[in-house]
Amino acid sequence: MEVQETRVQTDRVLTIPNILSMARLVGVPIFLWLILRPEFGGPQSDGWALLVLALSGISDYLDGKLARRWNQISSLGRLLDPAADRLYILSTLVGLTWREILPLWLTAALLARELVLLVMVGILRRHGYPPPQVNFLGKAATFNLMYAFPLLLLSDGSGWISSLAAIFGWAFAGWGTTLYWWAGVLYVVQVRRLVRADALAD
């Protein structure tokens, strides 16, 4: 089911929602540096990395909500928001896999889904269509993964808090991965229908 947006779009760039999305993008390399510091002989900075992730999640919620409330939905915002989501997921995958918190098979499954979506976007562009809009399942998958990753990072320790974080982290990771692929399959079906409609029109 596609998320339909009936509000008027704006071409403005410097809106509050767009600034929040840009700030999220700036946080991506900062988060990756913080999470990988121990691997290069630096002090552990997982607390700061978790803070950056938490702020990213808050801004992700706010930029969409404020854009709708203040009628500041923009073409740029439609690109920045999913781009920031994917870059955070990618950077977290790299960091947690590098530190052997995430297994390689899970990272491969999530990256394979991104590759499938990239191919679909290429097919749409070839037929003159824009990239597909974010659907409800895709957003739900992203939320699950954004909960899973900080919990799994927190599980890289000892004590009951780490054990509890591991349980909930893997639960969110399982749901997130399943929904991520489910949303990807829906994208493939959508692209196939558009391409088939074009072929019939010709």
Considering only the stretch 89-121, how many residues are open to solvent by 20 Å² or more (accessible area, probe 1.4 Å), assigned to a helix (DSSP H, G or I) and of a type in the set (A, V, I, L, M, F, W, C)?
-> 15
When you look at THR107, is it within 30 Å of ARG37 (Cβ to Cβ) and among the hydroxyl-bearing types (Ser, Thr, Tyr), yes or no?
-> yes
Please work out which one of (1) open to solvent by less than 60 Å² (accessible area, probe 1.4 Å); (2) on the phi < 0 side of the Ramachandran plot is the condition GLY159 fails and give its number.
-> (2)
Filter result for LEU80 (crowded, with 17+ Cβ neighbours inside 10 Å and modelled with pLDDT under 80) | yes
Within the stretch 122-136, the count of residues that are open to solvent by 30 Å² or more (accessible area, probe 1.4 Å) and in a helix (DSSP H, G or I) comes to 5
Residue within the stretch 1-19 that is modelled with pLDDT of 80 or more and either charged (D, E, K, R) or within 17 Å of PHE149 (Cα to Cα) (or both) present = no
Filter the stretch 30-57 for residues that are open to solvent by 80 Å² or more (accessible area, probe 1.4 Å) and either in contact with a Pro (Cβ under 8 Å, 6 or more places away or on another chain) or touching a residue at least 60 places away in the same chain (Cβ under 8 Å) (or both) and give the result.
-> GLU39, GLN44
Result of the Cβ filter at 6 Å on the stretch 161-185, keeping first residues that are over 30 Å from VAL121 (Cα atoms) and partners that are among the basic types (Lys, Arg) and open to solvent by 80 Å² or more (accessible area, probe 1.4 Å), at least 6 apart or interchain, is none
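The values are calculated or read from the model by the stated rules, or taken from the named source; none is laboratory data. This is a predicted model, so every value here is computed, not measured. All Cβ positions, even for glycine, are placed from backbone atoms using ideal geometry, and neighbour counts span all protein chains on display. Please note that ligands, DNA and RNA were not included when accessible areas were found on the heavy atoms of the full protein model with its side chains. Shrake-Rupley method; radii C 1.70, N 1.55, O 1.52, S 1.80 Å.
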